[in-house]
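The values are calculated or read from the model by the stated rules, or taken from the named source; none is laboratory data. Worth saying up front: this structure is predicted, and the values here are computed from it rather than measured. FYI the Cβ positions are ideal-geometry reconstructions off the backbone, even for glycines, and counts take in every protein chain you see.
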């Protein structure tokens, strides 16, 4: 299992360990000295902590996966339903099954020993609070970073500089080596945390030193246009648009051969926001 200690999961991991200790004493007489000298306490703590960390891992992984597919702002209903199903119900069932097996090994019944009526509701509350934490974290970080949360952990990006030429070609300077890209080679530029990423038609990725606003100004030779705060798109990949599910938005309709790239990045990312609608519709009418 890959480590989940990160800026967004450190707090849940600590809280999970604290919760595992709390559950060992919840609804029972507190005798710390007796517990500290009992081997059974350490076994119970190891099981409780392991299950708690597993629940954190499941919720954390679920949150990161859904962040790539369903944005809270543009696909609120779908995201909420999947979050409840995968982020609440699934870990709750995992916990119930694991603890049922554990107590069954000890020869105990989860109803008779009080787990189901006393401890399990606390675990459900912990799972709900964990999901709430990630929801708050999402809105806080996505607002301050002005980016969609798309997972590129593990990618080693190389800083590059891009120069627009007069023939719709772009020179990418990668560690002193110039790479020539035709504007048809570039699918989009998008903001990811502190980077602006050049994403090619072949799913190649380059980190750009300049901010997205600067990149937009440099791309005068091709049919590139900013569609929201996070994406500058090659409009040659688009064949039309529909009215968005939310007010003052558009949903782009891509040409068939580019749908795989859109699905790879997440359809929700390509929503045209209010301030860009007039320019985008005008550009598309000229295609």
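Quick check: is even one residue across the stretch 71-80 within 24 Å of residue 14 (Cβ to Cβ), at pLDDT below 90 and surrounded by 13 or more Cβ atoms within 10 Å (Cβ to Cβ)? No, because not a single residue in the stretch 71-80 is within 24 Å of residue 14 (Cβ to Cβ), at pLDDT below 90 and surrounded by 13 or more Cβ atoms within 10 Å (Cβ to Cβ).
Listed by position, the helices (runs of 4 or more DSSP H) inside the stretch 176-287 whose residues that are modelled with pLDDT under 90, in contact with a helix residue (DSSP H, G or I) (Cβ under 7 Å, 6 or more places away or on another chain) and over 21 Å from residue 67 (Cβ atoms) number at least 1 are 274-286.
Of the residues 55, 99, which single one is more than 30 Å from residue 272 (Cα to Cα), under 24 Å from the mean Cα position of the chain (by Cα) and surrounded by 19 or more Cβ atoms within 10 Å (Cβ to Cβ)?
Details: 99 fails: under 24 Å from the mean Cα position of the chain (by Cα).
Selected residue: 55, the only one of 55, 99 that is more than 30 Å from residue 272 (Cα to Cα), under 24 Å from the mean Cα position of the chain (by Cα) and surrounded by 19 or more Cβ atoms within 10 Å (Cβ to Cβ).
Checked against the criterion of being in a loop (DSSP other than H, G, I, E, B) and at pLDDT below 65, the stretch 129-146 has at least one qualifying residue.
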